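Below you'll find the structure, written out as structure tokens, and then a few comments.
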Amino acid sequence: THWKHGGIVGVFGYGGGIVGRYADVPEQFPGVEHFHTVRVAQPASKYYSTENLRGLMNLWEKHGSGMTNFHGSTGDIILLGTRTENLEPFFWDLTHEMGQDLGGSGSNLRTPANCLGESRCEWSCYDTEEVCHHLTMHYQDEIHRPAFPYKFKFKFSGCPNDRVASIARSDISVIGTWRDEIRIDQAAVKEYVAGNYPANGGAHSDRDWGAFDLQKEVVDLCPTECMWIEGDELKIDDKECTRCMHCINVLPRALRPGLDKGATILVGAKAPILDGAQFATLMVPFMKIEKENEFEELIDFIEKVWDYWMEEGKNRERVGETMQRVGLPTFVKVMELEPIPQMIKEPRSNPYVFWNEEEVEGGFARDIDEFRAKHQA
């Protein structure tokens, strides 16, 4: 296109937050000779007061084009179009008058994003807003001063519905889950069967879908077939449950997540860059997300990923692409995790198991005569 793009302008002390755009034909279009984009960090869950929004709009009318994008795919407030000489005055007013900061751009940690979490959602299994805010403050240097091979994103979803699509878009995806049994209110199940409660929380009330059928709409749609009807009660084999949330979404008054709550940690999702789009790979099936220890376990995991990726990752290579290149077994060993079937994309498609010598009793050395004697036809 006619736009030069990238880290060609910025504000003092920051390597990210400003996406520079200069036209290569300024004499033809002097009005957009400069049209830099500014990324501003959004509040957790994107909660705004009208006072804050009016302040941002007044600031952008003063220093920029007045054109905005709420929100970019990273989550930031995107302010489109300003000149180089306006960047420092805008930055001063934003930070000193508004108390807000720039978001991430370039090869750094992008602005963390989260769903509404416990502020609005009864299914949330941890406080997404608290974690998002804490890590945003904890990693200010990583957000503003690019030092990574390429961009890196966190996203925090409170439950397996994953309302910020973290599993598809973030290098580390923190998705709320539970590890005990789904809570069942059998009396409420009977109310659904009797048609006294609307299924799906009434979300499908735009037309008459007929009488609710528990077998057809819940049991038969369970991906692991871990549910069945016994008499007039709904039964669940929780050992087989993959926490897909379908049954809870259909029967929100009757079913609830368990009480032993935490999060599943996945690594490596991204949009197409080098090797095409990919979902994240499960790494930690369950981790407690606890404010009391300042999320120490999660932070340790994040920094172990960074340490390896910054050493081994190539330029413009997302961590998911590094994982693809070195192979999942190598990455699992680096992360000091025990391999589990849930890490494998297609666990039944490859019959081979590869062992390290130290994992084989007696090592790889064999007495060939003893071997032949044992295995003679």
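The values are calculated or read from the model by the stated rules, or taken from the named source; none is laboratory data. Please read these numbers as outputs of a predicted model, since none were measured by experiment. Cβ atoms come from the backbone with ideal geometry, glycine included; neighbour counts cover every protein chain shown. Quick note on the areas: whole protein, heavy atoms, side chains included, nothing else; ligands and nucleic acids left out. Shrake-Rupley method; radii C 1.70, N 1.55, O 1.52, S 1.80 Å.
A few comments on the model shown:
- Kirkwood Rh, Cα atoms: Rg over Rh of the chain: 1.07
- Separation of alpha-carbon centers, the range 185-253 and the range 95-114, rounded to whole Å: 42 Å
- Largest first, the residues W3, W209 sort by 1.4 Å accessible area into W209, W3.
- Inter-site label distance for K291 and H246 at 7 Å from Cα along Cβ, in nm: 3.5 nm
- Å² of accessible area per residue within the chain, as computed with a 1.4 Å probe and no ligands counted: 56 Å²
- Whole-Å semi-axes of the ellipsoid equivalent to the range 183-256 (Cα gyration tensor, √5λ, descending): 19, 13, 11
- Extending 7 Å from the Cα toward the beta-carbon at both R183 and Q140 defines two label points whose distance is 3.9 nm.
- Listed residue (A147, G15, A254) projecting farthest to the positive dipole end of the chain, Cβ model: G15
- Shape call, the range 89-174: gyration tensor on alpha carbons, a/c limit 1.5: oblate
- Length released on extending from E225 to V9, taking residue separation times 0.36 nm less the Cα-Cα span: 72.2 nm
- Fully extending the segment from I273 to L328 would add 17.9 nm, taking 0.36 nm per residue of separation and subtracting the current Cα-Cα distance.
- The chain - percent of accessible surface contributed by carbon and sulfur, probe 1.4 Å: 50 percent
- Nearest-ten-degree value, helix 128-138 long axis tilted from longest Cα axis of the chain: 60 degrees
- Taking 0.36 nm per residue of separation and subtracting the Cα-Cα distance, full extension of the segment from K239 to T95 would add 46.8 nm.
- Nearest 10 degrees, 0 to 90: helix 296-312 Cα axis against the chain principal axis: 70 degrees
- Put T281, T50, T111 in order of accessible area, highest first, and with a 1.4 Å probe you get T50, T281, T111.
- Part-to-part distance (alpha-carbon centres) for the range 279-353 and the range 121-172, which is given in Å: 16 Å
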